[in-house]
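K.L.:
Got a structure here, written out as structure tokens. Questions coming.
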Amino acid sequence: MFPQFRHTMAWLHTWFGLALGLVLMVVFFFGSLSVFDREIDRWAIPDTRYEPQPMPSFDRMLKPIFETVQPNAAERAAVAGLVDGPLPARFDTARSWGAYTTHRDPVLTLFVGYQVPNAKDHETAVWANRTIDPRSGVALPDDRLKIGSGFFYPLHYSLTIEWKQVGYWIVGFAALMMLMALVTGVIMHRKILRELFTFRPNKSAQRSMLDVHNLTGVAALPFHFFFAFTGLVIFAYVYFPVTHTQLAPLHDKHEQVEAKQTGLPHERAGSAAPMASVDAMVLEAQRRWAAKGMAGDVGYLNVQHVGDANGYVSIYRAGTDRVQLAGEGIHFKASTGTVLREDPPPTLVARINEFLTGLHLQHFRHWLLRWLYVLGGLAGCACIATGLFFFVEKRKRQHAKQGVSGARIVDALAVTTVTGMLVATLCMLVANRLLPDSMPAGWPWRGDMEKYCFWGAWLLASVHGLWRTAPVAQARLAPAWREQCLAIAALAVIAPLLNWITTGDHLARTIGAGYWPVAGADLFMLTGSVLALLAARKLQRRDALRAAAPAPMLEAGHA
Amino acid sequence: MTSNTLTRSHLTRSHIVARTALALLGGYVFTWGVIAAGTALMYGAGMAFHDAEHLSYIIGILVYLGAFLAGFAAHKLRRVALVLVGGGALLSAGAWLLQQQLV
């Protein structure tokens with residue numbers, strides 16, 4: 001685009017980095033929180049604060065539940081538009097029953113997919129999802145939101161914009177731009193090694209912002225590249241649905257060949273058949289895993305074509321001890337319990353793919369690595385945020401002279417995405433502790449109210465950011481930053497306090513009992529509070545300093 | 001970014017839009033072609049279907065990154081357009097032909 005290659009790369013880095021940096025900030029932050037999504041769930045749903053449980057007995061506990069679960073109003077609404085005429089009051093034919101748990105889940109997630117009799121497309125299924133306490137079989141109320149795994153995690157990969165999968169596309173584009181920013185960043189800065197050891201906190205704000213930007217960018221470069229890349233690989237089927245469009249015939253052919261090879265029926269037979277003991281099948285699966293030297297627990301159990309002669313049960317191993325998402329699935333005939341198939345060992349390509357995606361999704365058990373992920377993700381946030389700060393610091397004097405509002409608008413957007421996002425997150429957790437146990441009639445569900453609080457708080461923070469960045473137009477520091485830092489500092493103390501008041505789980509008790517999911521969440525917030533307070537103080541000092549003597553301009557020519 | 005007049009003259013709004021569209025959409029078309037051709041070729045060569053698909057995705061994402069950067073870095077807009085869109089179309093057509101043979 002420009003005569004010089006590096007100039008073009010710098011232009012790309014600046015402008016696409018700016019435009020998508022705002023999205024990337026959200027993706028990195030909620031990705032970091034998602035590393036501990038199950039633990040955040042425990043904080044948000046106090047009834048589930050107990051130790052992780054193994055898969056309970058299918059025959060005695062799960063089967064009776066599966067047989068009675070029906071889709072709730074929200075789940076019915078999801079398919080209402082896909083049928084001719086009204087939906088039946090009850091669904092009878094279950095396509096599949098599934099039960100999923102991990103080594104970090106006290107609760108068990110169950111899902112039933114029912115055939116929809118008058119669906120326009122015969123493949124349509126209506127899903128009924130339930131979360132149960134595996135010790136008693138008691139279901140969690142439908143109005144509870146798993147804030148970690150049910151909200152922060154989807155925010156990370158889809159911004160929760162489900163319509164036409166638009167959210168996935170935005171995040172995918174942002175991830176591609178992350179890769180671009182890393183490559184162009186390396187091209188722009190030739191003295192990579194030196195930047196790893198450069199931090200001048202006492203120079204101008206602009207200089208130290210750039211130092212932090214380079215330092216976090218370079219130090220965590222492999223981490224950031226890997227996560228943006230594997231994130232794209234995980235959702236590549238959404239971005240490039242080649243095998244479901246152009247190559248659909250080839251895909252269909254493969255499925256037919258596969259059904260023949262595996263012996264697992266693709267369709268129902270149409271004749272009813274009783275179900276043999278699934279507990280016996282689980283024992284057999286565990287015996288076979290142990291014989292292969294990889295004894296383990298069940299992570300996922302699926303019954304396909306429920307109640308039909310073609311029905312089969314698939315049992316997958318929980319992948320707690322390896323990076324790959326290898327399930328070592330063993331499939332049984334549902335009516336007899338005989339083994340139909342044992343998944344063959346993965347091929348080389350499958351192992352590479354499972355390693356890449358497994359390292360991103362981290363189902364394995366390794367707490368140190370989990371924390372390194374969080375730090376890597378937060379380093380990404382720091383890198384993006386300082387990039388935004390640098391953009392503003394570099395231009396605000398010039399824009400002030402020219403009377404242009406560009407720097408101010410970017411600063412307001414940066415306030416919204418950096419501190420505003422934290423305010424919204426903490427407000428959601430505060431709302432979670434303050435809302436009544438169940439909302440009065442006529443109100444949205446409790447979980448939905450929590451989401452509204454999140455978005456409402458974010459909107460308010462954004463308006464505040466827009467209003468209190470006015471001084472940027474005069475090349476001064478925006479008070480919005482300090483004020484929102486103070487808000488974060490306060491909220492991050494209020495949330496753990498409310499947790500104490502409403503549940504009795506204060507830190508002395510949770511740490512004493514070694515219940516780290518809740519203790520960790522509280523400590524994380526309290527640490528955040530201290531950091532926010534320090535940031536607010538630093539900002540105040542800088543403002544006072546700058547009022548005395550304006551900071552020198554950075555040498556020209558830097559991109 | 002330096003703001004000398006030489007570079008400013010290059011940077012009309014329509015040029016930026018054209019470059020962005022080319023890098024994004026052209027890159028997409030080219031990547032689609034690579035994934036389609038890669039999947040069909042490797043499946044045709046005896047690899048398991050999902051292996052061929054996943055390997056093509058892994059390669060495809062890196063190709064997209066390269067194509068996006070090339071879309072901006074290249075001096076001649078028209079030549080990149082030809083390579084990305086034309087190449088992508090050719091690869092897709094190749095994948096389609098191969099599929100005819102395989103199904």
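The values are calculated or read from the model by the stated rules, or taken from the named source; none is laboratory data. Since the model is a prediction, treat every value here as computed from it, not as a measurement. Here the Cβ is made from the backbone with ideal geometry for all residues, glycine too, and neighbour counts use every protein chain on show.
K.L.:
Tell me whether the stretch A:10-22 contains one or more residues that are more than 14 Å from every other protein chain (Cβ to nearest Cβ) and crowded, with 17+ Cβ neighbours inside 10 Å.
P.N.:
Yes, the stretch A:10-22 contains a residue that is more than 14 Å from every other protein chain (Cβ to nearest Cβ) and crowded, with 17+ Cβ neighbours inside 10 Å.
K.L.:
Something else: Out of everything in the stretch B:20-56 that is hydroxyl-bearing (Ser, Thr, Tyr) and within 18 Å of residue A:180 (Cβ to Cβ), what residue ends up being farthest from the chain's Cα centre (by Cα)?
P.N.:
The selected residue is B:20.
K.L.:
Output the number of residues of the stretch A:72-104 satisfying the condition of being outside any loop (DSSP other than H, G, I, E, B) and among the β-branched types (Val, Ile, Thr).
P.N.:
Total satisfying the criteria: 1.
K.L.:
Residue A:176: part of a helix (DSSP H, G or I), crowded, with 18+ Cβ neighbours inside 10 Å and within 14 Å of chain B (Cβ to nearest Cβ), yes or no?
P.N.:
Spelling it out, residue A:176 is indeed part of a helix (DSSP H, G or I), crowded, with 18+ Cβ neighbours inside 10 Å and within 14 Å of chain B (Cβ to nearest Cβ).
K.L.:
What are the residues in the stretch A:210-269 that are within 14 Å of chain B (Cβ to nearest Cβ), within 23 Å of residue A:376 (Cα to Cα) and part of a loop (DSSP other than H, G, I, E, B), if any?
P.N.:
Correct list: A:235 only.
K.L.:
Residue A:340 versus (1) in a helix (DSSP H, G or I); (2) of a type in the set (A, V, I, L, M); (3) at pLDDT 90 or above: which is the lone unmet condition?
P.N.:
For residue A:340, the failing item is (1).
K.L.:
Go through the stretch A:113-125 and count every residue that is of a type in the set (A, V, I, L, M, F, W, C) and at pLDDT 95 or above.
P.N.:
Number of matching residues: 0.
K.L.:
Assigned to a loop (DSSP other than H, G, I, E, B) and either within 14 Å of chain B (Cβ to nearest Cβ) or at pLDDT 95 or above (or both), is that true of residue A:320?
P.N.:
Against the criterion (assigned to a loop (DSSP other than H, G, I, E, B) and either within 14 Å of chain B (Cβ to nearest Cβ) or at pLDDT 95 or above (or both)), residue A:320 does not qualify.
K.L.:
Going by the structure shown, is residue A:68 of a type in the set (Ser, Thr, Tyr) and touching a residue at least 24 places away in the same chain (Cβ under 8 Å)?
P.N.:
When the stated conditions are applied, residue A:68 does not pass them.
K.L.:
Another question, if that's okay. Limited to the stretch A:207-228, what total is found for residues that are in contact (Cβ under 8 Å) with a residue 60 or more places away in the chain and not basic (Lys, Arg)?
P.N.:
Residues in the stretch A:207-228 being in contact (Cβ under 8 Å) with a residue 60 or more places away in the chain and not basic (Lys, Arg): 12 in total.
K.L.:
Moving on. Tell me which of these residue A:302 doesn't satisfy, since it passes every other one: (1) outside the structural domain of residue A:57 (by TED's automatic domain parsing); (2) closer than 23 Å to residue A:129 by Cα.
P.N.:
With (1) outside the structural domain of residue A:57 (by TED's automatic domain parsing); (2) closer than 23 Å to residue A:129 by Cα applied to residue A:302, the lone miss is (1).
K.L.:
Just name the residue that is nearest to residue A:57 (Cα to Cα) out of those in the stretch A:119-168 that are touching a Pro at 6+ places or on another chain (Cβ under 9 Å) and not in a loop (DSSP other than H, G, I, E, B).
P.N.:
Out of the qualifying residues, it is A:132.
K.L.:
Same structure again: Just to be sure, is residue A:536 touching a Gly at 6+ places or on another chain (Cβ under 6 Å), within 28 Å of residue A:464 (Cα to Cα) and either hydrophobic (A, V, I, L, M, F, W, C) or in a helix (DSSP H, G or I) (or both)?
P.N.:
In short, no.
K.L.:
While we're on this one: Looking at this structure, is residue A:474 modelled with pLDDT under 95 and polar (S, T, N, Q)?
P.N.:
Spelling it out, residue A:474 is indeed modelled with pLDDT under 95 and polar (S, T, N, Q).
K.L.:
List every residue pair whose Cβ atoms lie under 6 Å apart, where the two residues are 6 or more positions apart in sequence or sit on different chains, the first residue falls within the stretch A:345-362 and is away from chain B (no Cβ under 12 Å), and the second residue, located anywhere, is assigned to a helix (DSSP H, G or I) and at pLDDT 90 or above.
P.N.:
Pairs that qualify, where the first residue is away from chain B (no Cβ under 12 Å) and the partner is assigned to a helix (DSSP H, G or I) and at pLDDT 90 or above, are A:360/A:230.
K.L.:
Suppose we filter the stretch A:496-522 for residues that are touching a Phe, Trp or Tyr at 6+ places or on another chain (Cβ under 9 Å) and aliphatic (A, V, I, L, M); how many remain?
P.N.:
Matching residues across the stretch A:496-522 total 3.
K.L.:
Within the stretch B:34-83, take every residue that is more than 22 Å from residue A:235 (Cα to Cα) and at the interface with another protein chain (Cβ under 7 Å from one of its Cβ atoms) and give me the one that is surrounded by the fewest Cβ atoms within 10 Å (Cβ to Cβ).
P.N.:
The extreme case among them is B:73.
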